[in-house]
Structure formats: C-alpha cells, structure tokens
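Everything below concerns the one structure shown next.
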C-alpha cells in the first residue's frame, strides 16, 4: 500500500471539472499521481518502463514505449503538444531543465532540477523527472534519444490551480532554469517570475518546505533549497 504522504524532492475528489490538464495513465484515464521508471538501455531499445499509480498496487510493466503518444507521458503531455499547434486559450506551461535541449545552455548558478508544469485555471500537472533535454523543444516527438541509455524517473501529480502559487515558490527556491514557457498574465505571479528567470532567494532561509494537496486530496511534502543552503559561501 502506497503511503498517502509522499516526499517530493522537488480523499476528496473534485467533480464537475472538464480540464484536460491531468496526469494520465497508458489508457488515457485521469489519475491523481503516478511514478514512472524507465529502464536503462538493453539490447532492445532502451524505451521500456515500469509504471505505478494509486490503482496498480505496485509496479506494472507497461506495454508502451516511453516516447509513444499512447503511453502515459504522451497522454499527459497532450495539452502541451496541442498548444504547440493550436495555441490553446487559457493554457499555460513552464518547462525547466538544468540540461535543456538545444540551443539552450543552463548556467551553473541554476538548480539541478528538471520538470514540466502545465495548467489552466482549473487544474494543473507538476511532472518532476530526471531526463536531460526533455521534452524535445516544441516538437511532437517529445522524447529525446539521449534519454534512452540511462534509467530515468518521473513523478506526475495533478493539482488544483490554487496550489501552483506554492509550486511557483518552490521552483523559485530551486532556482529552476526555465527554457520554454507560456504563462498568461492572469496566472500566478510566482510562475511568471520563474518563467522569466527573474527570481531567486535573496536572503535566508535558503530553503523552503511546502505542504501540497493534490486534486484527489492527498498530501505531498515538497523540499526546495537554493544553492547557498549550508554551503558556507558569501
């Protein structure tokens, strides 16, 4: 049984919401959270993965490939991929990665962190991961081949819109390197600030904890720290 309280290094369900911005499993079904573990490269193709959510009772072997539009990543990222084509009104996103896709290069002053934030004014997704150059810059082929060799991990959580103010603050403390974004001005200022790479902690404390509540009412504890946390530097 998976604990309801999960540490992110980083119930009551809401009804009547037609937002498409949700974590989704391999079948496209909305889930409150999932964890994906891409297996390291084998003699096959390095694109197989294990999957877990609140309904699976542990790890399952997916019959999808990591870069497939029919897998959980492709289905979860669909609002972002659609936005590239349709410029969907009321949708926002922020992509951050300390090893971003070309032509971007993240200065060393930014935090060692990788993730995807997508949202509208109802729900949103925070997808934390470990994959360099993910997702491929504004391409429908979102999976970078450079991600095949090593094992990779993903954690997706669906949150109500209001929680992204706190998530924006966590990203500020991480000093996440945003390489691509579209954050409408009506969205939380904290996300706009991170998207513009214009904010970071300027005084102690150099860390921040946040209690976050998913759309399904589950509690997640997020830890964030700035580069000056206990490093003894001026």
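The values are calculated or read from the model by the stated rules, or taken from the named source; none is laboratory data. The shown structure was predicted, so the numbers you read here are calculated from the model rather than taken from an experiment. Note: ideal-geometry Cβ built from the backbone for every residue, glycine included; neighbour counts use all protein chains shown.
Among residues of the range 85-112 that are over 19 Å from residue 192 (Cα atoms), those with a beta-carbon under 8 Å from a residue that is surrounded by fewer than 19 Cβ atoms within 10 Å (Cβ to Cβ) and at pLDDT below 95 at least six positions away or on a different chain give the pairs 109/227. Quick check: anything in the range 177-193 surrounded by 14 or more Cβ atoms within 10 Å (Cβ to Cβ) and on the phi > 0 side of the Ramachandran plot? The answer is no; no qualifying residue exists. Please determine whether any residue of the range 216-225 is more than 30 Å from residue 31 (Cα to Cα), at pLDDT 75 or above and in contact with a strand residue (DSSP E or B) (Cβ under 7 Å, 6 or more places away or on another chain). No: the range 216-225 contains no residue that is more than 30 Å from residue 31 (Cα to Cα), at pLDDT 75 or above and in contact with a strand residue (DSSP E or B) (Cβ under 7 Å, 6 or more places away or on another chain). Total residues in the range 184-198 satisfying the condition of being in contact with a strand residue (DSSP E or B) (Cβ under 7 Å, 6 or more places away or on another chain) and either assigned to a helix (DSSP H, G or I) or closer than 20 Å to residue 215 by Cβ (or both): the figure is 4. One residue stands out among those in the range 138-170 that are buried (at least 16 other Cβ atoms within 10 Å of the Cβ) and part of a loop (DSSP other than H, G, I, E, B): the one that is modelled with the lowest pLDDT, which is 148.
If you check 31, 2, 10 for being touching a strand residue (DSSP E or B) at 6+ places or on another chain (Cβ under 8 Å), within 24 Å of residue 96 (Cβ to Cβ) and at pLDDT below 95, only one passes: 10.
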